[in-house]
1. Please give the helices (runs of 4 or more DSSP H) falling wholly within the stretch 154-267 in which 2 or more residues are basic (Lys, Arg) and open to solvent by 60 Å² or more (accessible area, probe 1.4 Å).
2. Would you tally the residues in the stretch 109-143 being among the small types (Gly, Ala, Ser) and open to solvent by less than 10 Å² (accessible area, probe 1.4 Å)?
3. Which of the helices (runs of 4 or more DSSP H) found entirely inside the stretch 1-93 contain at least 3 residues meeting this: surrounded by 13 or more Cβ atoms within 10 Å (Cβ to Cβ) and among the aliphatic types (A, V, I, L, M)?
4. How about the stretch 195-227: which of its residues are of a type in the set (D, E, K, R), out of contact with any Gly (no Cβ under 7 Å at 6 or more places or on another chain) and over 19 Å from residue 136 (Cα atoms)?
5. Here are the criteria: (1) more than 26 Å from residue 134 (Cβ to Cβ); (2) within 21 Å of the chain's Cα centre (by Cα). Tell me which single one residue 176 does not satisfy.
6. Anything in the stretch 144-153 that is open to solvent by less than 10 Å² (accessible area, probe 1.4 Å) and among the small types (Gly, Ala, Ser)? List them, or say none.
Amino acid sequence: MTGEDAAYAALLTKLKRESGFHGSLYRQKCLRRRLAVRMRARGAADFGHYSAILDTDPEEYERLLHTLTINVSKFFRNAETWRVIRDSVLPDLFGRRGSLALWSAGSATGEEAYSLAILIAELLGSRGMQRWRETRIVGTDIDAPSLEAARAGVYADVALSETPPELRDRWFTWEDGWRLQESIRSRVQFEQVDILTGCPDFDVDLIVCRNLLIYLDRPAQEEVFEIFAEVLKPKGYLVLGRVETVAANIRPLLEIINAKERVYKKR
């Protein structure tokens, strides 16, 4: 191991100890590229220099964590996936009796979790208040600033670039940004959770986790899928990103609902 590799490994150990970020479980090429962004911003010549900056500026941990974990997200990203959720997944779930729990894992700034809430509001209509009270939507992410932005519910134009205009006009108002209506924001709860080490403390009927697993190495992906398998109820749904595949360790537990859109149902 070179001196720079040793300094990089020491930096990952420091991050895990001080912030709880398990960098060793991520794809290292991607992680190094994002780490370099903060190093350039702080004028750090190498990993050792950047580690020393963290020692003198504890607030840099939050800025670094935000850079390492930030993901691009939009409302209703990949329209066909949301059509499957709207036309097949949600009607099946809401045709069942009892309460429902939905989990947006790696929710970033909230677009995915709120997209679910909007579709549910459209499905239930004005007479669905009792069903709303029986429904819990939770978005989790490791990045605190992203969660704060999600709770605020104000978005730039780009976040709504794939949103059908009729939904935008019905559920958002323009106030120096697109502000999501309180009737939707109030239906979603956001929690700071590292998907590699934690999950909701309740069983769920739907897990939506899109374009997060691609940043993890295969062993870490398998750990996450084991968490999914544990908390997902029988007949519950799992929705992944289009380029993501189910790990072999839980594949026998899942029925394919839509192979192209990566929609699965637990047997």
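1. 165-171
2. So the count comes out to 6.
3. On the way: elements: 3-19, 28-42, 47-56, 60-69, 79-84.
Those helices (runs of 4 or more DSSP H) span 3-19, 28-42, 60-69.
4. Once the filter is applied, which keeps residues that are of a type in the set (D, E, K, R), out of contact with any Gly (no Cβ under 7 Å at 6 or more places or on another chain) and over 19 Å from residue 136 (Cα atoms), the stretch 195-227 yields 217, 218, 222, 223, 226.
5. (2)
6. Scanning the stretch 144-153 gives 146, 150, 153.
The values are calculated or read from the model by the stated rules, or taken from the named source; none is laboratory data. From a predicted model like this one, the values you see are computed outputs, not experimental measurements. Ideal geometry is used to build each Cβ from the backbone, glycine not excepted, and the neighbour counts take in all protein chains shown. The area values use the complete protein model at the heavy-atom level, side chains included, leaving out ligands, DNA and RNA. Shrake-Rupley method; radii C 1.70, N 1.55, O 1.52, S 1.80 Å.
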